[in-house]
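Beneath this line is the structure, given in structure tokens, with notes to follow.
The values are calculated or read from the model by the stated rules, or taken from the named source; none is laboratory data. The shown structure was predicted, so the numbers you read here are calculated from the model rather than taken from an experiment. Cβ atoms come from the backbone with ideal geometry, glycine included; neighbour counts cover every protein chain shown. Accessible surface is based on the protein model in full, side chains and every heavy atom, while ligands, DNA and RNA are left aside. Shrake-Rupley method; radii C 1.70, N 1.55, O 1.52, S 1.80 Å.
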Amino acid sequence: MNEEKPRISALLLSKKTVFSFMLSFSILYLLVRSIDINAVIEIAKKTNMFLYAIAFILHYLSIVVRGIRWNKLLQTINIQPGVAIATEMVFLSWFVNCIVPAKLGDVYRSYLLKKENNAPISASIGSIFIERVCDIAILLFLLTLSGLLIFRKNMPVQISEALEIGYILLATVVIGLVALWIFKDRLLVIVPDRFLFHFNNLHNGLYNSFSDGPTILLVITLTALAWAMEAARFFLVTRSLGLEIGFEIIIFIVLAASLLTAIPLTPAGLGAVEVSIVFILGIIGIDATLGTSLALLDRLISYWSMLVTGSIAYMLSDRT
């Protein structure tokens with residue numbers, strides 16, 4: 001397995017990244033062009049800055065929760081960076097995900113851990129994969145539950161089809177994990193000797209956490225807490241504009257938008273997330289101008305502020 005240093009500057013200037021930003025800005029341009037931008041600005045000027053500031057703080061606290069979760073998963077494979085270091089690495093990986101597509105920040109996080117304590121990338125990638133499985137599983141469950149509460153038997157076809165695809169992908173991943181666990185011994189015979197070290201590390205990173213009940217429970221709890229904090233952030237942004245939206249709708253919008261960040265076409269779903277928020281708000285009767293104001297204010301926290309704070313952290317950190 002190639003474990004050389006990821007070159008962030010090279011990734012940022014790559015054709016794929018340039019194309020992804022061109023696509024993102026094209027989507028945002030079409031969104032802004034379709035509404036009265038002056039009206040959007042006027043709405044944004046009425047923001048309750050106290051509530052908005054709390055939303056900002058909650059966003060960054062949710063990263064701390066994810067840092068605690070990753071640190072716990074790493075402990076199951078005898079890697080103990082500590083909560084502070086794990087949180088910093090999670091934060092930097094989110095920053096990288098904001099500037100390059102395809103969730104390459106996760107690979108960068110593994111590189112940072114290797115640089116910190118010489119932990120094999122193959123081991124930490126396994127723990128990050130388990131994080132992602134937990135995120136998607138709880139996301140799909142809450143998304144389905146909130147969707148049923150909102151739409152009941154009239155869920156839009158686009159949303160129900162997206163959920164079906166999500167469940168199919170999750171089932172495929174779970175079946176693959178079970179198969180890898182059952183057929184490990186047979187695979188050890190097939191895997192070339194030069195890859196056995198990495199295979200065993202990956203296997204341990206994937207399965208060690210499942211051998212400890214309290215760890216599983218804590219990881220699930222922290223995952224649910226992280227999603228709840230993201231929903232609370234969006235809730236506070238809506239209230240900062242004087243909107244009163246049901247919490248089930250808040251949860252649905254946040255989780256649907258988060259699902260789009262997994263699409264590798266744009267950095268952190270830039271463009272696609274904003275459009276999806278406006279689209280879902282439109283379904284429940286909120287006009288596009290107000291919906292766009294809400295989407296842009298929320299993304300100012302969850303995306304654009306990450307570019308600023310992440311850039312500062314990247315330049316100041318002795319781990320990059």
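The slack between residue 129 and residue 247, meaning 0.36 nm per residue of separation minus the straight C-alpha distance, is 39.6 nm.
Measuring between their Cα centroids, segment 128-148 and segment 191-211 lie 25 Å from each other.
With respect to the cross-link table entries 15/184; 72/115; 16/45; 16/72; 72/184, which display a Cα-Cα separation exceeding 28 Å? Beyond 28 Å between Cα atoms: 15/184; 16/45; 16/72.
Note on exposure: 70, 181, 94, 227 ranked by accessible area (1.4 Å probe, complete protein assembly) read 181, 94, 227, 70, with the most exposed listed first. Dipole check for segment 81-182: with +1 at the C-beta of Lys and Arg, -1 at the C-beta of Asp and Glu, and the Cα centre as origin, the magnitude is about 40 Debye.
Please give the FRET efficiency for residue 30 paired with residue 195, using the beta carbon to beta carbon distance and R0 = 45 Å, rounded to the nearest 0.05.
Details: r = 46 Å, r/R0 = 1.02.
For residue 30 and residue 195, the calculated efficiency is 0.45.
Of the solvent-accessible surface of the chain, computed with a 1.4 Å probe over protein heavy atoms with every protein chain present, carbon and sulfur atoms account for 69 percent.
Length gain on complete extension for the stretch residue 16 to residue 311, per 0.36 nm per residue less the alpha carbon to alpha carbon distance? Working shown, then result.
Details: separation 295, 0.36 × 295 = 106.20 nm, distance 2.07 nm.
Length gained, residue 16 through residue 311: 104.1 nm.
Evaluated with a Cβ-only charge set (Lys, Arg +1; Asp, Glu -1), the chain carries a dipole of roughly 380 debye about its Cα centre, given to the nearest 20.
Screening the chain for whole DSSP H helices of 15 Å or more along their axis (Cα) with average Kyte-Doolittle hydropathy at least -0.5 returns 15-33, 49-75, 83-99, 121-151, 157-182, 193-207, 213-240, 247-260, 272-283, 288-299, 305-316.
Of 287, 212, the residue with the largest accessible area leads and the full order is 287, 212 (1.4 Å probe). In terms of accessible area, using a 1.4 Å probe and ignoring ligands and nucleic acids, 191, 275 rank largest first as 275, 191. Placing R0 at 41 angstrom, the Cβ-Cβ distance between residue 183 and residue 300 gives a FRET efficiency of 0.30 after rounding to 0.05.
Here each label is just a point 7 Å from Cα along the line to Cβ, and for residue 84 and residue 154 those points are 5.5 nm apart.
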